[in-house]
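What follows is a short report on a single structure.
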Amino acid sequence: SSESLLLSWAIIYTVQFGTTAVCVMWVSQYMFQHSTRMLVLLLFLLFGFSVTTLIILISSFFSRTNTASLMGLAIYLASFFPYYLVNNDTTTPIAAFSASLLSPVAFGLGTNILSTLEGNGVVRVFT
């Protein structure tokens with residue numbers, strides 16, 4: 001049934017992205033010394049989940065598999081380009097939020113904020 005298919009996808013991608021996020025968190029403890037490991041874990045884990053849902057959304061607009069895979073990849077890669085429009089000091093918060101609905105833009109802005117805070121030595125801790 002479709003519910004079991006969706007559940008199997010959710011389990012597979014949760015394990016896959018969870019493992020990747022834990023590995024990145026482990027490696028990043030040497031790069032991001034001022035950030036909480038949980039912050040890095042959440043950034044990469046949530047990015048993995050948002051990429052999966054964005055790709056599923058894009059592929060639902062196409063009926064043929066080959067077309068969906070090729071166009072889905074092209075649309076996904078093109079969805080990063082708004083990052084260059086909103087990654088400056090003159091961008092309004094509404095424009096940045098709107099562009100962040102695309103997961104590559106949100107990830108780019110998130111890593112930019114994380115690296116800026118790291119460069120300034122600002123400690124971010126979840127309480």
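Numbers for the structure displayed
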{"item": "Of residues in the stretch 54-87 being of a type in the set (S, T, N, Q) and within 17 Å of A99 (Cβ to Cβ), the one modelled with the lowest pLDDT", "result": "N87"}
{"item": "Residue in the stretch 46-53 that is out of contact with any helix residue (DSSP H, G or I) (no Cβ under 7 Å at 6 or more places or on another chain) and within 25 Å of I12 (Cβ to Cβ) present", "result": "yes"}
{"item": "Matching residues in the stretch 94-127 - criterion: being of a type in the set (A, V, I, L, M, F, W, C) and assigned to a loop (DSSP other than H, G, I, E, B)", "result": "L101, L102, V122, V123, V125, F126"}
{"item": "Condition check for L39: in contact (Cβ under 8 Å) with a residue 60 or more places away in the chain and either basic (K, R) or out of contact with any helix residue (DSSP H, G or I) (no Cβ under 6 Å at 6 or more places or on another chain) (or both)", "result": "yes"}
{"item": "Residue match in the stretch 84-93 (condition: charged (D, E, K, R) and in a helix (DSSP H, G or I))", "result": "no"}
{"item": "Selection count where residues are open to solvent by 90 Å² or more (accessible area, probe 1.4 Å) and either in a helix (DSSP H, G or I) or under 15 Å from S50 (Cα atoms) (or both), scope the stretch 1-14", "result": "7"}
{"item": "Residue that is open to solvent by 60 Å² or more (accessible area, probe 1.4 Å) and not small (G, A, S), where the choices are M25, M31", "result": "M31"}
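The values are calculated or read from the model by the stated rules, or taken from the named source; none is laboratory data. This structure is a prediction, so every number in the text was calculated from the model and none was measured. Glycine gets a Cβ as well: all are built from the backbone with ideal geometry, and neighbour counts include every protein chain shown. The accessibility values were calculated without ligands, DNA or RNA, using every heavy atom of the protein model including side chains. Shrake-Rupley method; radii C 1.70, N 1.55, O 1.52, S 1.80 Å.
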